[in-house]
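The numbers here are math on the coordinates, done by the rules we state, and not lab data. Quantities reported herein were computed from a predicted structural model and do not represent experimental measurements. Cβ placement follows ideal geometry from the backbone for every residue including glycine, while neighbour counts extend to all protein chains displayed.
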């Protein structure tokens, strides 16, 4: 089964060939001296080459995006994300708990002060 | 004893997740820009196609129809996903280019990568520790006030109790820091290879969108350039030349953009993070450089894909 790197390498080679043909086609058109209708034919040929190049890119992208390697990679990233979010949340949970206890202590202190005042 | 204390302090400092906050934040920002580049790329591909359609309609002076999809909201109905556009009456109904159909799958993959980058930022967020320390100080203060009532029965309680709270707070805080650092280290090591697979794939995706835009823009510019000639008056010639130049400017920006290089720099920045987390004393400089490179490339790519060729105004058509 092709890896994502294999897919990328094949795409790169195919695109390089098509890029050269597209460049040559446009350069030929720009050089002028074409018989009637030839410029349109060249435009059509260039368009077809561009369509082929887009198809190569698209095939590579869909191939990589739907590959088992990509599925596995996304799964690994999700697992790592869950672990880090859990660790990050522990501190914020602890902070929230301590803040609540401190608020409770503060309220208890006020009650104790008030009770001490009424007893005096 | 003194030497041991220094060793413990050195370990605590070296193993702090917060020493990576700045670089991780920059890394996460770069991933967000990569995601924005996709969003802009897909959106502007639609804009480019609309501009091309407008040019074709204007040249042919065609009667115009409204796509049926404009009559329904985007929903699960497959036809509702088609572009809502004007098109030549009697011609082919506007459809999506194949690359535009990859949007949902791309969004899903990007979401996983963004969540990962945001989790890196969460676990290295020093303000959480500041808030924790603030809460411990607050608790220590309220314990001190309460303990004053116990001083009569147990002299010194109001001094000892807050000190105990502070020590306990420090121990818990340090343990939580260590948990964060350990999870950071485990996560980046586990993600080391997967990040490369995801980065390469998304790089190909950005190339695909960029190529689709370049194809549409090339043909639009070619048609605009074909109108230029001695039959136009000066004002019309200048106006249409300006439009062609604007379109070619966007096209050139896309030519110069570097999706594979950006994807590669994402992988390298993550590799540098792995190395730095595994050995903070030796690899920090590499991390700063790699993350800086990635951020710059992601920003440049996003800028290129954000540029659009707006449909032209009617007054500029055909030299009118």
Inset, instruction - Check off (1) within 14 Å of chain A (Cβ to nearest Cβ); (2) surrounded by 15 or more Cβ atoms within 10 Å (Cβ to Cβ); (3) free of Cβ contacts under 8 Å to residues at least 40 places away in the same chain for residue B:65 and give me the number that stays unchecked. - result: (1)
Inset, instruction - May I ask you to verify whether residue A:69 is more than 8 Å from chain B (Cβ to nearest Cβ) and assigned to a helix (DSSP H, G or I)? - result: no
Inset, instruction - Would you be able to tell me the number of residues in the range B:173-184 that are surrounded by fewer than 16 Cβ atoms within 10 Å (Cβ to Cβ) and either closer than 15 Å to residue A:76 by Cα or within 8 Å of chain A (Cβ to nearest Cβ) (or both)? - result: 1
Inset, instruction - Looking for whichever is within 12 Å of chain A (Cβ to nearest Cβ) and assigned to a helix (DSSP H, G or I) here; the options are B:288, B:215. Which one fits? - result: B:215
